[in-house]
Amino acid sequence: MNINVNDPERTRLAERGWHIVDPHRVARTPRKYRSYIGSALAEFTAIKGVDVAWQTGWLSDRAASFLASGRAVVTEDTGATKYLPLESGFRFVSGQNEAIAAIKEVLSDWPKISRQARRDSVKNVRKILDL
């Protein structure tokens, strides 16, 4: 997360178990970025309100990178569910309770979900590019 070192939000996030890394350090080179993604269990992201409200179908290139690396993506539904299969490596959520359930699902059977994400990543990216 790109957040100032002196920002009090860092303390609040750390108290809740978040580990914040400097994006300029972990993504300085393609190799470092690939290593960073490979060290993660999954991607969790909140989407800009306009993409959720307008249901644009927006997905990040980072999400595609996580899928290609066999990492599930837990993200807010931007309307992309209309275009992607239910079992796609994505766990689309709308709200805190759904996010908690999706994270628990990913953690409960990570090897299976990781294989699924990797297997479906090429198919999903092609589908996204064809929109």
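Brief remarks on what is shown
- The angle separating the long axis of helix 96-108 from the principal Cα axis of greatest extent in the chain is about 80 degrees.
- Distance between the C-alpha centres of segment 78-100 and segment 1-38: 24 Å, rounded to the whole angstrom.
- For the peptides 98-110, 1-13, residues were scored by their other Cβ atoms within 10 Å and the scores averaged per peptide; the highest-first order is 98-110, 1-13.
- For volume of the Cα convex hull per residue in Å³, calculated from these coordinates, the label among (1) 110; (2) 120; (3) 251: (2)
- Per-residue HN-Hα couplings for segment 78-89 [Karplus 6.51, -1.76, 1.60; θ = phi - 60°; Hz; x = Gly/Pro]: 9, x, 5, 4, 5, 10, 10, x, 4, 9, 10, x
- Residues with amide H under 5 Å from that of Arg91, placed H, sequence gap 5 or more: Val73, Val74, Thr75
- The alpha-carbon of Lys82 sits under 17 angstrom from the alpha-carbons of these aspartates and glutamates, leaving out residues fewer than 8 places away in its chain: Asp51, Asp120, Asp130.
- Packing-based ranking, highest mean first, of 62-69, 115-122, 38-45, 17-24 given that Cβ atoms within 10 Å are counted: 62-69, 115-122, 38-45, 17-24
- Dipole moment magnitude, nearest 20 debye, the chain about Cα centre, only Lys, Arg, Asp, Glu C-beta charged: 620 debye
Taken together, the values in this text are just the output of simple stated rules run on the coordinates, not laboratory data. Note that the structure is a prediction, hence the values are computed from the model and not measured. Note that each Cβ is placed from the backbone with ideal geometry, even for glycine, and that neighbours are counted across all protein chains shown.
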